[in-house]
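The numbers here are math on the coordinates, done by the rules we state, and not lab data. Keep in mind that this is a model prediction, so the values were computed, not measured. A quick note on method: Cβ atoms are made from the backbone with ideal geometry, for glycine too, and the neighbour counts reach across all protein chains shown.
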Amino acid sequence: MPQPRKIAAGNWKMHGLGESLSEARALAAAHTAPGVDILLCPPATLLSRLSEALAGSAVATGGQDCHTAAKGAHTGDIAAAMLADAGARYVILGHSERRADHGETSAQVAAKAQAAHAAGLIAIICLGETLSERDAGQTLEVVGAQLSQSLPGGADAANTVIAYEPVWAIGTGHTPGLEQIAEVHGFLRAGLPDPAIPLLYGGSVNAGNAAAIFAISDVDGALVGGASLKAADFSPVVTALEKSLR
Ligand code: PGA
């Protein structure tokens, strides 16, 4: 059976100006022949410049959202084909910040993923429970429902990545226990339409905890926010993922 690809993905969220291109260049210079897939998802304003700066390197780029439609009268929105045109290979969809800030539902996330696939992009579909859902013992129920409702038909290992990101772990410095991550990842793996779809963990991953998280079976990499902004912080996470393969 094919093994899932290993992926270190950086999510810059609403951070980054032109000066941040040097961080991306430094990351690429530190990983010229990586044993894993590396990508950075900058704000849309930087996507084209970042893709050009990283052309020919081992670091790919991605968007942070796309519209469900291929084009149209949707002021302020971005179509998947526009991300691809700006050099993206990936797009993050259904991040909990978008689900919370913009009321995105899993059905909308599935429609966005379908649009992403139609444009030839790999969709990184995010899911995860809130702290009150975890405390109420609903974690597997919540992520199971998000998984079944957020994936479009035709999702497979070539076009889809799943990121499990407990909402309470994002940007807080708190991570779940390793056995808690293992439980959710094992549960998600069993529910995937294609078992080779990579399963990333996200939420306060950094140089200090990456190796332990990557040692968990069914963790195929990480979606990293804060620690992806600087090459000096993200590079050790990439290296930890490479080492986990040996
Ligand atoms: P964090 O964010 O690494 O800053 O916790 C992760 C994410 O939201 O993707």
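For an R0 of 30 angstrom, estimate the FRET efficiency from the Cβ-Cβ distance between Ala100 and Ala211 and round to the nearest 0.05. E between Ala100 and Ala211, to the nearest 0.05, is 0.50. Helix-only arithmetic for the chain: the sum of -39500 (n - 2.57) across DSSP H runs with n ≥ 4, divided by the residue total, places the mean residue ellipticity at 222 nm at -11000 deg cm²/dmol. Take Met14, project a point 7 Å from its Cα along the Cβ direction, then tell me which residues of region 107-121 have their backbone nitrogen under 14 Å from it. Counting backbone N atoms under 14 Å from the label point, the list is empty. Taking the alpha-carbon distance from Lys243 and a cut-off under 20 Å, which aspartates and glutamates remain once sequence neighbours fewer than 8 residues away in the same chain are dropped? Answer for Lys243, where 20 Å is the Cα cut-off: Asp37, Asp218, Asp220, Asp233, listed by chain and number.
Per-residue extension of 0.36 nm, minus the Cα-Cα distance of Leu245 and Ala69, leaves a gain of 59.5 nm for this segment. Taking amide H as placed 1.01 Å from N in the peptide plane, Gly221 has its amide H under 5 Å from the amide H of Ile7, Tyr201, each at least 5 places away in sequence or on another chain. For region 173-216, no residue has its backbone nitrogen under 13 Å from a point 7 Å from the Cα of Ser132, taken along Cα to Cβ. Simple point charges give the picture: +1 on the Cβ of Lys and Arg, -1 on the Cβ of Asp and Glu, and for the chain a dipole about the Cα centre of about 520 debye. Note on Ala29/Glu141: beta-carbon distance plugged into 1/(1 + (r/R0)^6) with R0 of 51 Å gives a FRET efficiency of 0.70.
For region 109-246, the spread of Cα positions along the three principal axes, ordered from largest to smallest, is 37, 37, 27 Å. Note: relative contact order over region 7-243, using C-alpha pairs below 8 Å and six or more positions apart, is 21 percent. For the pairs Lys6/Lys71; Lys6/Lys112; Lys112/Lys230; Lys13/Lys71, note any where the Cα-Cα span goes beyond 26 Å. Checking Cα-Cα distances, Lys6/Lys71; Lys112/Lys230 exceed 26 Å. When each of the peptides 51-60, 125-134 is scored by how many other beta carbons lie within 10 Å of its residues on average, the order from highest to lowest is 125-134, 51-60. Three semi-axes describe the equivalent ellipsoid of region 28-118; taken as square roots of 5 times the Cα gyration tensor eigenvalues and ordered largest first, they are 25, 14, 11 Å. Is any residue of region 104-139 close enough, with backbone N under 12 Å, to a label point placed 7 angstrom from the Cα of Phe187 along the Cα-Cβ axis, and if so, which? So the set is 128-130, 133-139. Between amide H atoms placed 1.01 Å from N, distances below 5 Å from Ile92 occur with Gly63, Gln64, Asp65, Ile124, all of them 5 or more places distant or on a separate chain.
Shape descriptor for region 7-243: Rg over Rh equals 0.94 (Cα atoms; Rh from the Kirkwood inverse mean 1/r).
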